[in-house]
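Notes follow the structure.
The values are calculated or read from the model by the stated rules, or taken from the named source; none is laboratory data. On a predicted model such as this, the values are computed, not experimentally measured, just so you know. Positions of Cβ are generated from backbone atoms using ideal geometry, with glycine treated the same way; all protein chains shown enter the neighbour counts.
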Amino acid sequence: MTDGSNATTFKTLSDREIAMERVFDAPRELVFAAYTDPAHIPHWWGPRGLTTTVDTMDVRPGGTWRFVHRDQDGAEYGFHGEYREVVPPERLVSTFEFEGMPGHVLVDTATFTEVDGKTKVTVTSLFASGEDLQGMMDSGMEAGARESWDRLAELLSTLR
């Protein structure tokens with residue numbers, strides 16, 4: 001559950017770039033670990049109604065990741081990318097591609113900033129085109145991201 005002070009916010013930076021931000025009530029090292037430990041990903045990545053499986057997660061520059069969502073009917077939705085930068089516990093840069101729409105790759109830059117014992121996470125997503133950004137927004141990305149980060153906040157409260 002979330003309170004209003006820790007709400008996820010979205011901001012359009014350009015026709016190809018958006019940023020989402022939230023302050024989590026947890027130390028930066030713990031938040032970074034939740035992002036980079038494959039054991040934690042199934043507990044927060046994606047909507048509650050889906051099961052997330054980590055197929056691959058090699059957190060190093062040049063390493064790859066692949067997560068699969070499964071719905072209650074058994075349908076699968078794959079996502080994958082490559083890690084470009086890994087600077088614990090400060091920064092994580094990776095690509096992101098939904099396998100249902102191949103060829104539409106975006107670059108996510110996540111920064112983890114310590115703020116009075118809490119952690120501000122900012123993820124800036126750079127899309128190949130304005131159409132790709134709009135398509136992602138139209139797909140419900142904002143609601144899904146908010147729900148994921150609500151779940152991350154819940155996970156972090158159990159890990160402290």
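Given the condition in contact (Cβ under 8 Å) with a residue 12 or more places away in the chain, in a helix (DSSP H, G or I) and either of a type in the set (Val, Ile, Thr) or farther than 15 Å from Glu29 by Cα (or both), answer yes or no: does some residue in the stretch 117-125 qualify? Taking every residue of the stretch 117-125 in turn, none turns out to be in contact (Cβ under 8 Å) with a residue 12 or more places away in the chain, in a helix (DSSP H, G or I) and either of a type in the set (Val, Ile, Thr) or farther than 15 Å from Glu29 by Cα (or both).
Within the stretch 136-152, can one find any residue that is exposed (fewer than 13 other Cβ atoms within 10 Å of the Cβ) and either part of a loop (DSSP other than H, G, I, E, B) or of a type in the set (D, E, K, R) (or both)? For the stretch 136-152, residues exposed (fewer than 13 other Cβ atoms within 10 Å of the Cβ) and either part of a loop (DSSP other than H, G, I, E, B) or of a type in the set (D, E, K, R) (or both): present.
One residue alone among Arg66, Arg84, Arg60, Arg16 is within 14 Å of the chain's Cα centre (by Cα) and either of a type in the set (D, E, K, R) or modelled with pLDDT under 95 (or both), and that residue is Arg66.
The C-beta contact set for the stretch 36-51 (first residue modelled with pLDDT of 95 or more, second residue assigned to a loop (DSSP other than H, G, I, E, B) and of a type in the set (Val, Ile, Thr), distance under 8 angstrom, 6+ apart or interchain) comprises Thr36/Val59. Taking the criterion of being under 21 Å from Arg16 (Cβ atoms) and more than 12 Å from the chain's Cα centre (by Cα), the residues of the stretch 101-116 that qualify are Met101, Pro102, Gly103, His104, Val105, Leu106.
Scanning the stretch 28-50 for residues that are within 17 Å of Met141 (Cα to Cα) and either in contact with a helix residue (DSSP H, G or I) (Cβ under 7 Å, 6 or more places away or on another chain) or outside any loop (DSSP other than H, G, I, E, B) (or both) turns up Trp44, Trp45, Gly46, Pro47, Arg48.
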